[in-house]
1. Using Cα springs under 10 Å in a Gaussian network model of the chain, which residue among LEU367, LEU183, LEU272 shows the largest mean-square fluctuation?
2. Taking a cut-off of 30 Å, what percent of all Cα-Cα pairs in the chain are separated by more than that?
3. According to a simple spin-label model (label point 7 Å from Cα along Cα-to-Cβ), what is the distance in nm between ASP379 and CYS148?
4. Against the longest alpha carbon principal axis of the chain, how many degrees, from 0 to 90 and to the nearest 10, is the axis of helix 328-337 turned?
5. So what's the angle, to the nearest 10 degrees on a 0 to 90 scale, between helix 164-173 and the longest Cα principal axis of the chain?
6. Enumerate the amide H contacts of THR255 below 5 Å, restricted to partners 5 or more residues apart or on another chain; note that Pro and chain-start residues carry no placed amide H.
7. For a quick protection proxy, order the peptides 163-169, 301-307 by their average other-Cβ count within 10 Å, most packed first.
8. Which order results if ARG389, ARG276 are arranged by neighbouring Cβ count within 10 Å, fewest first?
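Since every read-out is calculated from the coordinates, none of them should be taken as a lab result. Predicted model, so just to flag it, every value in this text is computed and none were measured. A quick note on method: Cβ atoms are made from the backbone with ideal geometry, for glycine too, and the neighbour counts reach across all protein chains shown.
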Amino acid sequence: MRPTSKRTVLTGARVALPDGVLEDAAVTVEGGTLTGVGPSGTDAPSRTDGPSGANGGAEVLDLAGHWIVPGFVDMHVHGAGGASFSAGTVEETLTAVRTHRAHGTTTLVASTVTGDLDDLCRQASVLSELVEQGELAGVHFEGPFISCERRGAHDPALLRDPDPTDVRKLLDAARGTARMVTLAPERPGGLESVRLLADHGVIAAVGHTDTTYEGTREAIEAGATVATHLFNAMPPLGHRAPGPVPALLEDERITVELINDGTHLHPSVVELAFARAGADRVAFITDAMGAAGMHDGRYPLGPMEVEVQDGVARLVETGAIAGSTLTLDTAFRRAVTIDRIPVPEVVRAISTNPARLLGVADRVGTLEPGKDADLVVLDADFALTGVMRRGEWAVHPSGAGERRGVLEG
């Protein structure tokens, strides 16, 4: 997607900024860059309901009654639109990217699923090219270095110990685009691999693990900084054997991923994570598989088959929950309207924090002049009505027709 050189001014909306909410604000975009954020009338042509030939050819949109928030950043997602990143093809990858983009995710890391090591290297090679082209923000390897007891929807026959040599092989295949590796630190080689990842600037994430509280502390000291979908695929909180959850919540060095779809986590658990970790250490993710943005039915998830009923994905063979069909616009709306989390805190969890973790906060994650023009327009009920990425509308806020076109294209 190539940004144009036109000027776009969005006026009258409530804008979520790093230091709070600005009422009746104007956001100015030139080319693919945010050039102004301030009170309406300070850096904007006169307000109008649509594009204006006056004012130097600027497109001016009156968004009174709407919110403008930063584009969403998803650091853990496996597919969408009937497509999977594990297919290892450009076509399927772009289908998934465009589907999530139409739901507000303007920055996305492609997550793989446990597979044969050589096949994962092949997938990484394809995905790395799309990172270099700017379609993806990196690659996340979820498995094969995970616990069999907490494997979830991963093929047990393909799981293996996190030998640092094998971890390094995946990093090499990704050609510098690997952003995160999820592993079970209790497996042989786990702590050594955490240190290896930290030394190479790659996020070591504790997940799909059967480790203890003490084992989790060891992983954190070795360099782990993320909890992969906290509470899911790990021992539950116990009063005598607390497990990894409290260790991950209490340490200021850890950011906890949450799948806020109403299936993976009860609202009280989401509230607990925010209360204990704080809004600066939570990252909303989708963990979405290929059925996101699609109808119920059967879909592949790596080498496994998934049945989706009423929007909930489960393995055909075992009935285990298999990722989600969530999109981040739904996670945002749920966080505000059901979980009652203040909008600025939701913005941090869905945009700012993951951008910081991925090392792209200089370009995305907040609405500030000089950053990429990545933003989402929400109506008064927090339903998505517009998506802009790098100055181009993926979903135009004038109506839903453009959204259908993006998804069909």
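1. LEU272
2. Numbers: 31486 of 83436 pairs.
Value for the chain: 38 percent of Cα pairs lie more than 30 Å apart.
3. Calculated label separation equals 5.2 nm.
4. Computed tilt is about 80 degrees.
5. With both axes taken from Cα atoms, the answer is about 30 degrees.
6. When sequence neighbours closer than 5 places are left aside, the close amide H contacts are VAL226, ALA227.
7. On the way: 163-169: 16.4, 301-307: 20.0.
Top of the packing list down: 301-307, 163-169.
8. On the way: ARG389 23, ARG276 15.
By the 10 Å Cβ count, ascending: ARG276, ARG389.
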